[in-house]
Amino acid sequence: MRRRTWVRGAPGVAALLGALLAWAPGPLRAQRALVLPQPQGTAVGVSVTLSAGGGGEADAEAGASRLAAEAIVEAIRPELAALGATARVECERSWLRVTLLAPAPTWRVGTSLLLDAIFHPSIAEDALERARARLERTLRIEEGNPAEEIRVAVHEALFGLEHRWARARCGVAERVDSLSPELVARVARARFAAARATAAVVGPVDRAEAQGLLRRALGPATTPVSAPAPNPPPMSGSRTVDAATVTSWVAVAYRLPADADEEAVRLLGWLVTASLEPAPQRPGIVDVSSALERWGGGGALVIYAITAPERARECAARIQELVEEAAGGRVAGDAFRALLRRYRGERLLALAAPEARAAEASLRLFLDHGYEPVEARIDALTAERLRGSAERLGAPAVAILGPSADGGGAALDRGR
């Protein structure tokens, strides 16, 4: 069952202009490329983020963008290997990212090769079929994996069963198998454009040289890249899926406003998972994690947990209690400083490799139209910002996948 409730201008040129400027969804100019030199490094990371995520694809072309990117990387894989370089593709609902890791002596050639392949796509049939076979294998594994199924289920709770953003992130094996070479090539030409991309280089590089290389690929444009926005926007629903699993998988998703304090929200997710991590006093918890998703006009903080089936609803309720406690200012003073030290260590460790730092930087340019070092973002966090971010969150969407989940199989309830 689905239930939805949908909840003057002034005369004169000056008033009209003011209204138009107030309506503008983002900055008129944006930083599209970034170089972060690391003189002591031995490898270079290069990342390109494109407005080509799965949420923007029509049903008939679902998975085509990811397949096109995989085919592009497959075609240049032998040349990259000869340079000692590797590349990988990541795809989410609001973006697609290609990241290169290359040794310092060969990064220029590898980067030029990758950028040319992305922005001037020519998809060879043999590379396409190799990429298709590899992607189908990956998707078939994901489709039988509860970790992926709970991600789909929580997006169904957020968006409803028929919503484009409730599908698997970037295609399913059956659909990818049927995509024609002509369609894949057409999608690549339309979506892999410099005007839809941001890029970053991290490592032992000359800043001016790397900037020139990115400028030649992206062009001089400073118009912000538009992240796609789901339409209609997400709501707070619930989804239960009956599955033959030993444990239950729980997901609690909080919708974020367009002006969400992202680093504080990320810290909130980390706080919740740290408070729920497996321990003798929490015998029912097997694993817990958090994910922060961004899209045009907002995003979502999602807390995932694996628990004993009989404790699934208790676990979902506990997650919500922890968020409410954070909104009440439970963490302050010495407790907050200790929390921040642990968070900083784990956050920076995840970005230690140049390719990870480049991937994070290109995504920041894509979503925020500018870049602030993550160290500065962490140092600026306060207990009040953590409390305020938790306080702004409304009712979450909840999904549970497991044996006799709610006894009702694929039930769905939607409401504000």
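The set of residues in segment 124-138 that are closer than 10 Å to residue 68 by Cα and touching a Pro at 6+ places or on another chain (Cβ under 7 Å) contains only 128. The number of residues in segment 128-147 that are modelled with pLDDT of 95 or more and among the acidic types (Asp, Glu) comes to 2.
Residues are listed down the side, and each one gets a yes or a no for (1) at pLDDT 95 or above; (2) small (Gly, Ala, Ser); (3) surrounded by fewer than 17 Cβ atoms within 10 Å (Cβ to Cβ):
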position: 252; (1), (2), (3): yes, no, no
position: 280; (1), (2), (3): no, no, yes
position: 296; (1), (2), (3): no, yes, no
position: 301; (1), (2), (3): yes, no, no
position: 325; (1), (2), (3): yes, no, yes
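Checking the stated criteria, residue 330 turns out not to satisfy the condition of being closer than 21 Å to residue 397 by Cα, outside any strand (DSSP E or B) and among the basic types (Lys, Arg).
Here residue 93 clears all of (1) more than 26 Å from residue 163 (Cα to Cα); (2) part of a loop (DSSP other than H, G, I, E, B); (3) at pLDDT 95 or above except the condition numbered (1).
State whether one or more residues within segment 61-71 are farther than 22 Å from residue 191 by Cα and touching an Asp or Glu at 6+ places or on another chain (Cβ under 7 Å).
Going residue by residue through segment 61-71, those that are farther than 22 Å from residue 191 by Cα are none.
No, that holds for no residue.
Here are 174, 148, 162: which of them is surrounded by fewer than 19 Cβ atoms within 10 Å (Cβ to Cβ) and part of a loop (DSSP other than H, G, I, E, B)?
Numbers: 174 fails: part of a loop (DSSP other than H, G, I, E, B); 148 fails: part of a loop (DSSP other than H, G, I, E, B).
Step by step, each of 174, 148, 162 is checked, and only 162 is surrounded by fewer than 19 Cβ atoms within 10 Å (Cβ to Cβ) and part of a loop (DSSP other than H, G, I, E, B).
Each residue in segment 364-392 was checked for being part of a helix (DSSP H, G or I) and either under 17 Å from the mean Cα position of the chain (by Cα) or surrounded by fewer than 16 Cβ atoms within 10 Å (Cβ to Cβ) (or both), and 12 pass. The number of residues in segment 41-90 that are surrounded by fewer than 18 Cβ atoms within 10 Å (Cβ to Cβ) and modelled with pLDDT under 95 comes to 3. Can you find a residue in segment 117-124 that is touching a strand residue (DSSP E or B) at 6+ places or on another chain (Cβ under 8 Å) and modelled with pLDDT of 95 or more? Scanning segment 117-124, I find at least one residue that is touching a strand residue (DSSP E or B) at 6+ places or on another chain (Cβ under 8 Å) and modelled with pLDDT of 95 or more, so the answer is yes.
Yes or no, residue by residue, for (1) under 30 Å from residue 162 (Cβ atoms); (2) among the aliphatic types (A, V, I, L, M); (3) modelled with pLDDT of 95 or more; (4) touching a Cys at 6+ places or on another chain (Cβ under 9 Å):
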position: 337; (1), (2), (3), (4): no, no, yes, no
position: 345; (1), (2), (3), (4): no, no, yes, no
position: 348; (1), (2), (3), (4): no, yes, yes, no
position: 351; (1), (2), (3), (4): no, yes, yes, no
position: 358; (1), (2), (3), (4): no, yes, yes, no
position: 375; (1), (2), (3), (4): no, no, yes, no
position: 382; (1), (2), (3), (4): no, no, yes, no
position: 397; (1), (2), (3), (4): yes, yes, yes, no
position: 409; (1), (2), (3), (4): yes, no, no, no
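Quick grid of which residues meet (1) within 30 Å of residue 242 (Cα to Cα); (2) buried (at least 16 other Cβ atoms within 10 Å of the Cβ):
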{"site": "306", "(1), (2)": "yes, yes"}
{"site": "322", "(1), (2)": "yes, yes"}
{"site": "346", "(1), (2)": "no, no"}
{"site": "349", "(1), (2)": "no, no"}
{"site": "352", "(1), (2)": "no, no"}
{"site": "357", "(1), (2)": "no, yes"}
{"site": "362", "(1), (2)": "no, yes"}
{"site": "394", "(1), (2)": "yes, no"}
{"site": "400", "(1), (2)": "yes, yes"}
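State whether one or more residues within segment 345-359 are outside the structural domain of residue 104 (by TED's automatic domain parsing) and touching a Phe, Trp or Tyr at 6+ places or on another chain (Cβ under 7 Å). For segment 345-359, residues outside the structural domain of residue 104 (by TED's automatic domain parsing) and touching a Phe, Trp or Tyr at 6+ places or on another chain (Cβ under 7 Å): absent. When you check residue 122 against the structure, is it surrounded by 23 or more Cβ atoms within 10 Å (Cβ to Cβ) and assigned to a loop (DSSP other than H, G, I, E, B), yes or no? Taking the combined requirement at face value, the residue does not satisfy it.
The values are calculated or read from the model by the stated rules, or taken from the named source; none is laboratory data. Quantities reported herein were computed from a predicted structural model and do not represent experimental measurements. Every residue, glycine among them, receives a Cβ derived from its backbone with ideal geometry; neighbour counts consider all protein chains shown.
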